[in-house]
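Just below is one structure, and these are the notes that go with it.
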Amino acid sequence: MQNARNRIQIDEEYAHALGLAAYCFATCEWNAAWSAERLQPGYIGTIEPLRKTAGSIANDLANLVNAIGDPALKAICLPPTLEFNRLVQQRNALLYGKPGSAPNGDQRLFRNGQAWTTLAINTFSDDVAACSILLNEMVQGHLGTP
């Protein structure tokens, strides 16, 4: 039914925060995938055929970074890799949250009984964007040029 989405009662600020969080995470996930590609040429071609999830990409990237022989390069690559793994768990908690009503009636996503607030979602998006920037620096510089 056309415009059925408009029957979902969610405020614009919250909906915007959710959409931005999803987009920021998708960008970060692909920066992680391209980081893995730089460490293992051909990796990108395995994602869709093997239906790799963000969690799979995070684990694969961690294994590839842990195998880096150059200690200086490994020290640069490990923090954003570990952060991406943490953010995958946060993304899952957000986007697989359960919809419900907050005590004031606002529609929110919940995880373990806790509502995801707009502030919490925006903080998540900021963390994701910061990680994405570091992963992109790995792709564009530290791990060599394409």
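Suppose we keep only residues that are surrounded by 19 or more Cβ atoms within 10 Å (Cβ to Cβ) and under 15 Å from ALA72 (Cα atoms) within the stretch 127-144. Which one would you say is nearest to the chain's Cα centre (by Cα)?
Here the residue is MET138.
Restricting the stretch 49-61 to residues that are loosely packed, with under 14 Cβ neighbours inside 10 Å and within 17 Å of the chain's Cα centre (by Cα), which is farthest from VAL128 (Cα to Cα)?
Among residues in the stretch 49-61 that are loosely packed, with under 14 Cβ neighbours inside 10 Å and within 17 Å of the chain's Cα centre (by Cα), the one farthest from VAL128 (Cα to Cα) is ARG51.
So is LEU64 crowded, with 16+ Cβ neighbours inside 10 Å and in contact with a Phe, Trp or Tyr (Cβ under 7 Å, 6 or more places away or on another chain) or not?
no
For residues that are over 17 Å from the mean Cα position of the chain (by Cα) and touching a residue at least 24 places away in the same chain (Cβ under 8 Å), scanning just the stretch 94-117, find the one that is farthest from ASP11 (Cα to Cα).
Within the stretch 94-117, the match that is farthest from ASP11 (Cα to Cα) is LEU109.
Tally up the residues in the stretch 24-79 that are part of a loop (DSSP other than H, G, I, E, B), at pLDDT 95 or above and hydrophobic (A, V, I, L, M, F, W, C), please.
1
TYR14 - would you say it is part of a helix (DSSP H, G or I), in contact with a strand residue (DSSP E or B) (Cβ under 9 Å, 6 or more places away or on another chain) and not polar (S, T, N, Q)?
yes
Pick from the stretch 80-92 the residues that are of a type in the set (A, V, I, L, M, F, W, C) and either modelled with pLDDT under 95 or under 17 Å from VAL139 (Cα atoms) (or both): which of them is farthest from the chain's Cα centre (by Cα)? Outline the logic, then answer.
Looking only at the stretch 80-92, we keep the residues that are of a type in the set (A, V, I, L, M, F, W, C), and these are 82, 84, 87-88.
Retained after the next criterion (residues that are either modelled with pLDDT under 95 or under 17 Å from VAL139 (Cα atoms) (or both)): 82, 84.
Details: LEU82: 12, PHE84: 7 Å.
Out of the qualifying residues, it is LEU82.
Filter the stretch 92-109 down to residues that are exposed (fewer than 15 other Cβ atoms within 10 Å of the Cβ) and assigned to a strand (DSSP E or B), then give me how many there are.
4
Looking at the stretch 114-146, which of its residues are assigned to a loop (DSSP other than H, G, I, E, B) and either among the hydrophobic types (A, V, I, L, M, F, W, C) or at pLDDT 90 or above (or both)?
Correct list: TRP116, THR117, LEU143.
Give all pairs with beta carbons closer than 7 Å in which a residue from the stretch 119-146 that is over 21 Å from HIS16 (Cα atoms) meets a residue that is aromatic (Phe, Trp, Tyr); count only pairs at least 6 apart in sequence or on separate chains.
From residues that are over 21 Å from HIS16 (Cα atoms), the pairs are LEU135/PHE84; VAL139/TRP34.
Any residue in the stretch 62-81 that's within 13 Å of ALA33 (Cα to Cα): show its pairings with residues that are in a loop (DSSP other than H, G, I, E, B) at Cβ separation under 6 Å, as long as the two are six or more apart or on different chains.
LEU64/GLN40
The values are calculated or read from the model by the stated rules, or taken from the named source; none is laboratory data. On a predicted model such as this, the values are computed, not experimentally measured, just so you know. With ideal geometry, Cβ positions are generated from the backbone for all residues, glycine too; neighbour counts draw on all protein chains shown.
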